[in-house]
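**Student:** The structure is given below, and queries will be raised subsequently.
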Amino acid sequence: MGKFTRSRAENDEPLSAGRVEYLEQARQRARNKRIRRTAVLLVLLTGIVLFATGLVGSSVAMAKDFIDTARIALLPGAGWPQQTGVSEVTQVESLTGSFVELGKEGCVVYSRSGKKLNSIQSGYARPALAAGKNRFVLYNRSGNELRVESRTQNLYTKQLENSIFLCAMADNGNLAVVTEDVSAMAELLIYNSNMEQVLSWSMSSNDGTPLRMAFSPDGRKLAAAAVTAGGGQMMTNLYLVNLAAGDPVSLANQSGVPQWLGWTSASTILAVYDSRAVLYNAGGGERAAYEFAGNTLKDISVDAAGNVALLLGSGQLHQAVLLDKSLNVQFSGTVSSANSIVRAGSLFYLLSDSGVECYNTSGEQQWSQTLAAKPQALLADTKVLLLFSGNTAQTLEVPQK
């Protein structure tokens, strides 16, 4: 007769809660170790491939971007809320799998899962930033220094000869910088992703000074809206600079000051002025326009698909206007008092002193939330809504109907 052996479950005492917690922590440590090992192997493999294909010298930045993406994907953060340390938010810009948040003393970069990736205390008196997909430029509007940053580290720091007015960053890493010019109104400088200067344009008083700039989706063209005086009023000259050709092409001359400029597709440019929004063909000519009818522009938001949300004001009344990427009106109606508007596909959000409201493109309220602190910014370009208020970033729990 064979030897009878009792099972482990019959011999052992039931595991205590502390023992279960210890085992779960051990499993989590093992999982994290496997993730880190995978990330290291992926980084090494990337280096080997780049070396074998001869891309080391010309594509170091690309390799760093790839490594950053791998780290963000494989090393998730602790989630939200997080104390970011930015108490007075002046800008929040999306990056691939992450975002950069700017305050008066510097900026921080976090992954969308809540992992802190970078922190920069620049000491700039008037900091501003412009972002592409995987990198951003942090610059001093009352000085001559700029910093090009990846999501995790500094790539370049550059001292320019003259004070910086404005910067724009392309998704492919190209950089446009407008500086003061002692012999003219301004100078436009364009650098490639390796910070090698490829173009310069000394702009006269007739050309104007660029107040808004935006690169095309492929980073090969730059739209620049430059302000100048003409006939006793402010005018905007809209230019298109093809980095391959070099010579700027005039697209339009419009009265007023540009409030927003961006590409809604590879062939269309949206410019929003004081009194109207205009969609231009990149080859020249207006495609469509929307007039504000005497209302004042309070805020504008354009989502990744080119859909537009305008917050207009007239006295104490506020009006929300939704436009599709061809500037056809989807909704126009009176809304409660708000400080800013955010468009995200078929929804838009209003941020007031006390909370957030969500509406669909028919103007029907979906939900509203009252908050303890004044909301300063909202990222709604993913499935998760990230709200910034005080020095805290947190997710918004959307009420279920």
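**Student:** Do we have residue 142 as without any contact (Cβ under 8 Å) to a residue 24 or more places away in the chain and open to solvent by 30 Å² or more (accessible area, probe 1.4 Å) here? Write out each step before concluding.
**Tutor:** Numbers: without any contact (Cβ under 8 Å) to a residue 24 or more places away in the chain: yes; open to solvent by 30 Å² or more (accessible area, probe 1.4 Å): yes.
Yes: the conditions hold for residue 142.
**Student:** Can you name every residue in the range 74-95 that is surrounded by fewer than 17 Cβ atoms within 10 Å (Cβ to Cβ) and part of a loop (DSSP other than H, G, I, E, B)?
**Tutor:** 75, 76, 77, 78, 79, 81, 85, 87, 88, 90
**Student:** I would also like to ask the following. Within the range 377-386, can one find any residue that is exposed (fewer than 15 other Cβ atoms within 10 Å of the Cβ), among the β-branched types (Val, Ile, Thr) and within 22 Å of the chain's Cα centre (by Cα)?
**Tutor:** Applying the first criterion (exposed (fewer than 15 other Cβ atoms within 10 Å of the Cβ)) to the range 377-386 yields 382-384.
When the remaining residues are screened for being among the β-branched types (Val, Ile, Thr), the result is 382, 384.
This time we only want the ones that are within 22 Å of the chain's Cα centre (by Cα), so: 382, 384.
The answer is yes, given that some residue of the range 377-386 is exposed (fewer than 15 other Cβ atoms within 10 Å of the Cβ), among the β-branched types (Val, Ile, Thr) and within 22 Å of the chain's Cα centre (by Cα).
**Student:** Quick test of your reading of the structure: residue 244 fulfils all but one of (1) open to solvent by 20 Å² or more (accessible area, probe 1.4 Å); (2) on the phi > 0 side of the Ramachandran plot. Name the failing condition by number.
**Tutor:** It fails just one condition, (2).
**Student:** Inside the range 192-215, can you point out the residues that are farther than 26 Å from residue 234 by Cα and surrounded by 21 or more Cβ atoms within 10 Å (Cβ to Cβ)?
**Tutor:** 193
**Student:** I'd like to verify a number: residues in the range 96-111 that are farther than 11 Å from residue 151 by Cβ and assigned to a loop (DSSP other than H, G, I, E, B), how many?
**Tutor:** 4
**Student:** Being within 20 Å of residue 149 (Cβ to Cβ) and either modelled with pLDDT under 95 or touching a Lys or Arg at 6+ places or on another chain (Cβ under 7 Å) (or both) is the filter here, so list the residues in the range 72-85 that pass it.
**Tutor:** Here is the first cut: in the range 72-85, the residues within 20 Å of residue 149 (Cβ to Cβ) are 72-73, 75, 77, 82, 84-85.
Matches in the range 72-85: 72, 73, 75, 77, 85.
**Student:** Give the residue, chosen from 266, 229, that is closer than 21 Å to residue 326 by Cα and of a type in the set (A, V, I, L, M).
**Tutor:** On the way: 229 fails: closer than 21 Å to residue 326 by Cα.
Only one candidate qualifies: 266.
**Student:** So which residues in the range 167-191 are open to solvent by 30 Å² or more (accessible area, probe 1.4 Å) and modelled with pLDDT of 95 or more?
**Tutor:** If the condition is that a residue be open to solvent by 30 Å² or more (accessible area, probe 1.4 Å) and modelled with pLDDT of 95 or more, then 171, 172, 180, 187 are the ones that fit.
**Student:** Same structure again: Keeping to the range 52-71, report how many residues are of a type in the set (Val, Ile, Thr) and at pLDDT below 80. Can you show your working first?
**Tutor:** Narrowing the range 52-71 to residues of a type in the set (Val, Ile, Thr): 53, 56, 60, 67, 69.
Retained after the next criterion (residues that are at pLDDT below 80): 53, 56, 60.
Within the range 52-71, residues that are of a type in the set (Val, Ile, Thr) and at pLDDT below 80 number 3.
**Student:** Same structure, new question: So which residues in the range 299-329 are within 20 Å of residue 378 (Cβ to Cβ), free of Cβ contacts under 8 Å to residues at least 40 places away in the same chain and open to solvent by 40 Å² or more (accessible area, probe 1.4 Å)?
**Tutor:** Selection gives 319 alone.
**Student:** Is the range 341-349 home to any residue that is free of Cβ contacts under 8 Å to residues at least 60 places away in the same chain, part of a loop (DSSP other than H, G, I, E, B), open to solvent by less than 70 Å² (accessible area, probe 1.4 Å) and over 27 Å from residue 88 (Cα atoms)?
**Tutor:** Yes - at least one qualifying residue is present in the range 341-349.
The values are calculated or read from the model by the stated rules, or taken from the named source; none is laboratory data. Model, not experiment: these values are computed from the prediction. All Cβ positions, glycine included, derive from the backbone under ideal geometry; neighbour counts span all protein chains shown. The accessibility values were calculated without ligands, DNA or RNA, using every heavy atom of the protein model including side chains. Shrake-Rupley method; radii C 1.70, N 1.55, O 1.52, S 1.80 Å.
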